Amino acid sequence: MSLTTQLATMLAMIGMGGWLGIALDTYNRFLQRQDRAHWIVFINDILFWIVQSLIIFYVLLFVNEGELRFYIFLAILCGYAAYQSLFRTIYLKVLEWLIWFATRLYQFFVQLCRYLIIRPIQFLFQMLLALMLLMWKLLLAFLRILYQCARLSFAPFRWIGSIIWKIMPQPWQRALAKIFRYLTGIIHQVKNMKNRIGTWISKWKK
């Protein structure tokens, strides 16, 4: 190993020591050990150190083809100690600010999505539902008026029909009574369906 390679290895491992300090503080900040179960902390710790070891070995492989020397561990320790003494306080403040900024940015985009996408869709759906309710009420009003007009128009026929009914033979009366009961059942089904639709719409509006 040449002197240049050794110097590059020392500088790279010092940098990796600083990186290890940054990664460890970031990991502890997001892990929240006091709020986690012990087995989760144990598994995460193992995975963390495996990943960090692979990163350090990859850098070492890139710098000096993966040759291990005792001074490499000293360089890592020196880099970690330099980070702890010089940069840790600054980095933790920057990390907290980045977390605060990311949280505020996320809340901003959530509110933006709510006011630009969700609220307009809700408003359009409510307008469509209100239009459907208005059309339904107009249809019911029209049917009531039509029913009243038909009732007034057919009043003479009803009077004539009652006279015919009285003089009609009994078998014919029974046959017509069955037809009337069948039609009454259909009308009741339509009314029940209308009431169910009205109940569903009232619940949805609440």
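State whether one or more residues within the stretch 82-94 are at pLDDT 90 or above, of a type in the set (Ser, Thr, Tyr), under 30 Å from Asn28 (Cα atoms) and under 36 Å from the mean Cα position of the chain (by Cα). Yes: one or more hits. In summary, Leu105 fulfils each of the numbered conditions (1) surrounded by 11 or more Cβ atoms within 10 Å (Cβ to Cβ); (2) part of a helix (DSSP H, G or I) with the single exception of condition (1). Return yes when Phe70 is surrounded by 10 or more Cβ atoms within 10 Å (Cβ to Cβ), closer than 26 Å to Leu3 by Cβ and free of Cβ contacts under 8 Å to residues at least 40 places away in the same chain and no when it is not. Criteria not met by Phe70. Scanning the stretch 23-49 for residues that are of a type in the set (Lys, Arg) and either more than 28 Å from the chain's Cα centre (by Cα) or part of a helix (DSSP H, G or I) (or both) returns Arg29, Arg33. A single entry from Phe142, Phe108, Phe123 fulfils the requirement of being over 28 Å from the mean Cα position of the chain (by Cα) and of a type in the set (A, V, I, L, M, F, W, C): Phe142. Checked across the stretch 79-86, the condition of being touching a residue at least 40 places away in the same chain (Cβ under 8 Å) and loosely packed, with under 15 Cβ neighbours inside 10 Å holds for at least one residue.
For the residues Ile99, Ile121, Ile90, the requirement of being among the β-branched types (Val, Ile, Thr) and surrounded by 11 or more Cβ atoms within 10 Å (Cβ to Cβ) singles out Ile99.
The values are calculated or read from the model by the stated rules, or taken from the named source; none is laboratory data. On a predicted model such as this, the values are computed, not experimentally measured, just so you know. Neighbour counts are summed over all protein chains in view; Cβ atoms, including those assigned to glycine, are modelled from backbone coordinates with ideal geometry.
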